[in-house]
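**Student:** My questions will all concern the structure given below.
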Amino acid sequence: MSNSHSSNSYTSNLYSPDIINQAKQLLSKMTLDEKLGQLSQISSAGAHIPHDLADAIRQGRVSSVINEVDLATNNELQRLAVEETRLGIPLLIGRDVIHGFKTIFPIPLGQAATWSPEIVEKGSRIAGEESATVGVNWTFAPMIDIARDPRWGRIAESLGEDPYLCSVLCAAMVKGFQTNDLSSPGSIASCAKHFAGYGASESGRDYNTTNIPENELRNVYLPPFHQAAKAGVASFMASFSDLNGVPATGNQWLLKQVLRDEWNYQGLVVSDWESIKELQVHGLSASEKDSAYLAATAGVDMEMASSCYIDNMAALIAENQIEETEVDQMVLNILQMKFALGLFENAFTEPSALPELLNAKNLEAAKEAAQKSCVLLQNKSRHDDSPVLPINRGATNRIAVIGPMAHDGYEQLGTWVFDGDEKHSVTCLDGLIALAGKSVEIEFEPVFSTSRDRNIQNFEKALELTNNVDVAILYLGEESILSGEAHCRSTIDLPGAQVELIEHLSQSNTPIVLVVLAGRPLTLQPILDKVDSILYAWHPGTMGGVAIAELLFGDASPSGKLPVSFPRVVGQIPIYYAQKNSGRPPTEESFVFIDDVPVRAAQTSLGMAATHLDTHFSPLYPFGYGLSYAEFEYSHVNISQHEIKLGCAFVVTVTVENKSDVDAEEIVQLYVRDLVGSVTRPVKELKGFKRLLVKANSSVDVAFEMHTDDLAFYDIRNQLNVETGDFLLGVGANSSLELNVPFKLVN
C-alpha cells in the first residue's frame, strides 16, 4: 500500500488511552447483569417502542438497537437508556447503510468500477451524515468479501474480485463513514464484514460452506480486512458461513489468532444476524448454550438479533465454563466504541446540526459516482465498425427508448436500499429527455412489465418503433431484487425474454445501444453481435438517469473499469484475472473448440491444456476493462532499476497519450508477476492504479512509487515475506496487458 492510495488520516481516537481508561472505569461499576446486557443487540423498527423493549432497556438488558430510523423513536430509546438506567449507558443504533441513506449511490460493485477512493470516500461520508440525522450511529459496511462468483447475489454489495483494489476502496469507505474523529457530527462507526471467506460460498449460494486453504485465505481473502483494521474500522462482523469446517462465528483461529493476536485488533466484533444461534443449525453446537460458549470463546463480543448470550452467559460463568474476566473484555470493546462515538457526552440527535438530506451537493456527488461507475464494453456499428456513441444531438431527430429498466426509479436504486425513495430518482428516460433538447423526439416503449417478463406481445411494436428512429436505446438488465443477500442465480443470462427481444430488434438497420442495469456481471456473449454499443451501468442509484444520459450524449466520456471479470458462459465460473498458471496453461495454439474436434480423435490429441472444449479460456471482458470515447496509447514503461535490493523503494513510470480530440479520464493499472515462489503465484497481480484526466491530443507521464514490501505474500509457512527472484511488470488499460518489463529482487 505504499503507492498513491495509502493514507495516514485514518480514524485515530478509537483506542486512545483516555477512551480505554473511561471504559475501564465504567466497567468497574457494572454488575454482571449490566455487563451481559451490553452484549445484546435487539431488532426494532416501525417508529414505535414495544413495551418489552422499553422494559429491557430500563433493566439494562439492551446495548444496541438495529433497524430503527425514526428520529423521535431513536431519541426516546436513547433517553430510556441514559435517564432510566442505573449507569446511563447510551445505545448503539445500527442500520445497513450500504450505498446511501436517502441519496443513493451506485451499488458497491458499481462504486468499485470507478476505481476512485475519493468517490467512494465521498459516498460513504454522505451516507453517514444522512443516516446520522435520524440517530443512526453504526453501519454494517463496508462489505469486503472478495467475490469471484457472479452467481452469488451479494457480489452486488462487494468491491469485486481483487484484494488490492478492495483494500484501497475499503479504507476509503471506512474513512468516509468515520472521518478522522468518530465523535464529530455526522460520523458513524463502520463495520468490516463478513469475516471471512463468505464470498467464496460454494456454487454461489448464499450462506453456503466455504473451503479455502489457509494460504489462499491469507493471500486473497484476508488482506482487505487487515487493511480495514489498519484504517481504524470501529467493528468487525463475523460471517454466517462455515469456513473450513468451523463456522466463522465460532472460529477461534480466525477471530482470536488472526484478528486479535496477529493484527492486534482492539475493536468490537459483532455476530451476523442470529449467526450465534445458527451454530447449532450448522452442527457445531448441540444447544443455544453451547452456541453462546463457542461464540464467546471464539471472540464475538455482541450478539445480533438472537438471545443466546443473555439467556445463557450467567449460567456459563456460574459453571466456570467462561470466566467473568472474558466477559469484561467483551464489554470493554463495546464501551470503547460508545465512548469513541461521543455518545456519553451527547446521545441525542439534533438533525439541524447536519446537512440537509438529498441536498444539491449530495445529488451532484451521486451523479458523479454513477457517471464514473459506468463501463463502456462495446462501441462499434454492426455494419461498419464505426462508433455509435456518443449520440450526436444535432444529427438526431428521433430516439426510441425501450425496456422496463428505462423508467423505473425503484429498480435503479439496487439492493440494500431500505431508506431510499424512488420518488427522488431521476430515471433513465427522465435524464434522457432533460438532456436531449427540444429538437429531439423521444418515444418510450417498456415492452416488458419487469425484467423477468417472458411476454412477447409488444415485440412487433418495439421493432416498428426501432425502424422509425435514428437510434434505439435499450435499458435492460436485472431488477434490484434479483441480486443481493439470498438472491443468487444458477444462470446469469439476461432474465426473461430480453435476449429474444434483442434478437428481434436486431433485424432493424437502426443503431442499437444497450444500457445494462444489473447487480452483477451477466453473460452477454449471445447478444454481442446483435447490438452496436453496450454501456454497463450496474444499479446506479438516485442520479443514474442523468449520469447515463450525459455519457450517451458525450457530455462526458465513459471512464469506469470492471472490478470483476465477465465470464463468457456460466460454466467458466470462477474466472478471475489473478489465476495460477497451472502446469499446463492454455494457449491459442492448444485451444481446440468442440466443433473442430475430429470424430474418434485420439485421447491425447487435443492440446492437453487447462481449457474447456466448448468455450474460449479467456473471460468475455477482463478485470480492469473499459472503453472510452478517447483513444489512449501507452508507451515508455520503465522501472527505475532492474535489480532492486530487499527493503528498497523503486519507481515505475509510463507515458499515457490521448490520441483523440476528446478530453477523458483513464485508469492506469500496474500489474506484477512473481515468476517463482515458495508457493505458486498468480499470473498477474494488481499493485497500483491511478485515475487521471488526459487532455485531448496530449500525453501525461505517470509515476508509481513502489517498495519491495508491496511484493510481499504469505509463503509456504504462511508467513508474510518478500522473496528474492525474477519478476515481470506491465502498465496498461486492463488486466489482459502483456507483462514485459523484467526486474529482480536481491538480498
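**Student:** Which of the residues belonging to segment 119-135 are over 20 Å from GLU161 (Cα atoms) and not aliphatic (A, V, I, L, M)?
**Tutor:** LYS122, GLY123, SER124, ARG125, GLY128, GLU129, GLU130, SER131, THR133, GLY135
**Student:** For the condition in a loop (DSSP other than H, G, I, E, B), surrounded by 22 or more Cβ atoms within 10 Å (Cβ to Cβ) and at pLDDT 95 or above, what is the one hit in LEU335, LEU389, LEU357?
**Tutor:** LEU389
**Student:** Please identify the pairs in which a residue from segment 627-645 that is closer than 14 Å to GLY688 by Cβ has its Cβ atom under 8 Å from the Cβ atom of a residue that is assigned to a loop (DSSP other than H, G, I, E, B) and open to solvent by 60 Å² or more (accessible area, probe 1.4 Å), counting only partners at least 6 apart or on another chain.
**Tutor:** Going by the 8 Å Cβ cut-off, the qualifying pairs are VAL637/ASN740.
**Student:** I need the full set of residues from segment 19-74 which are acidic (Asp, Glu), over 30 Å from ASN180 (Cβ atoms) and open to solvent by less than 50 Å² (accessible area, probe 1.4 Å), in order please.
**Tutor:** Within segment 19-74, just GLU34 meets the criteria.
**Student:** Look through SER16, SER4 and report the one residue that is at pLDDT below 95, closer than 30 Å to ILE667 by Cα and either surrounded by fewer than 19 Cβ atoms within 10 Å (Cβ to Cβ) or touching a Pro at 6+ places or on another chain (Cβ under 6 Å) (or both).
**Tutor:** Among SER16, SER4, only SER4 is at pLDDT below 95, closer than 30 Å to ILE667 by Cα and either surrounded by fewer than 19 Cβ atoms within 10 Å (Cβ to Cβ) or touching a Pro at 6+ places or on another chain (Cβ under 6 Å) (or both).
**Student:** Among helices (runs of 4 or more DSSP H) lying entirely in segment 106-221, which contain 2 or more residues that are surrounded by fewer than 24 Cβ atoms within 10 Å (Cβ to Cβ) and not polar (S, T, N, Q)?
**Tutor:** 117-132, 163-178
**Student:** Related question: Residues VAL731, VAL741: which one is in contact (Cβ under 8 Å) with a residue 40 or more places away in the chain, surrounded by 18 or more Cβ atoms within 10 Å (Cβ to Cβ) and out of contact with any helix residue (DSSP H, G or I) (no Cβ under 8 Å at 6 or more places or on another chain)?
**Tutor:** So the residue among VAL731, VAL741 that is in contact (Cβ under 8 Å) with a residue 40 or more places away in the chain, surrounded by 18 or more Cβ atoms within 10 Å (Cβ to Cβ) and out of contact with any helix residue (DSSP H, G or I) (no Cβ under 8 Å at 6 or more places or on another chain) is VAL731.
**Student:** Still on this structure, please answer the following. Look at PHE225 and say whether it is under 24 Å from the mean Cα position of the chain (by Cα), closer than 28 Å to LYS175 by Cβ and not in a helix (DSSP H, G or I).
**Tutor:** Here the answer is no, as PHE225 does not meet what is asked.
**Student:** Got a number for residues in segment 583-621 being over 27 Å from THR491 (Cα atoms) and in contact (Cβ under 8 Å) with a residue 24 or more places away in the chain?
**Tutor:** Summing the residues that are over 27 Å from THR491 (Cα atoms) and in contact (Cβ under 8 Å) with a residue 24 or more places away in the chain in segment 583-621 gives 2.
**Student:** Something else about it: Are any residues in segment 339-354 under 18 Å from THR73 (Cα atoms) and either in a helix (DSSP H, G or I) or touching a Gly at 6+ places or on another chain (Cβ under 7 Å) (or both), and if so, which ones?
**Tutor:** Hits for segment 339-354 are THR349, PRO351, SER352.
**Student:** Next up: Within segment 546-593, how many residues are in a helix (DSSP H, G or I), buried (at least 16 other Cβ atoms within 10 Å of the Cβ) and among the small types (Gly, Ala, Ser)?
**Tutor:** Final tally of qualifying residues: 2.
**Student:** Exactly one of (1) touching a Cys at 6+ places or on another chain (Cβ under 7 Å); (2) closer than 21 Å to ILE98 by Cα is unmet by TRP273. Its number?
**Tutor:** (1)
**Student:** What strands (runs of 3 or more DSSP E), lying completely within segment 622-703, carry at least 1 residues that are in contact with a His (Cβ under 9 Å, 6 or more places away or on another chain), open to solvent by less than 20 Å² (accessible area, probe 1.4 Å) and more than 19 Å from VAL375 (Cβ to Cβ)?
**Tutor:** Per the criteria, 649-658, 685-694.
The values are calculated or read from the model by the stated rules, or taken from the named source; none is laboratory data. Keep in mind that what you see is a predicted model, and the values were worked out from it rather than measured. Note that we place each Cβ from the backbone using ideal geometry, even for glycine, and neighbour counts take in every protein chain shown. Each accessible area value is taken on the protein alone, full model and side chains, heavy atoms only, with ligands, DNA and RNA left out. Shrake-Rupley method; radii C 1.70, N 1.55, O 1.52, S 1.80 Å.
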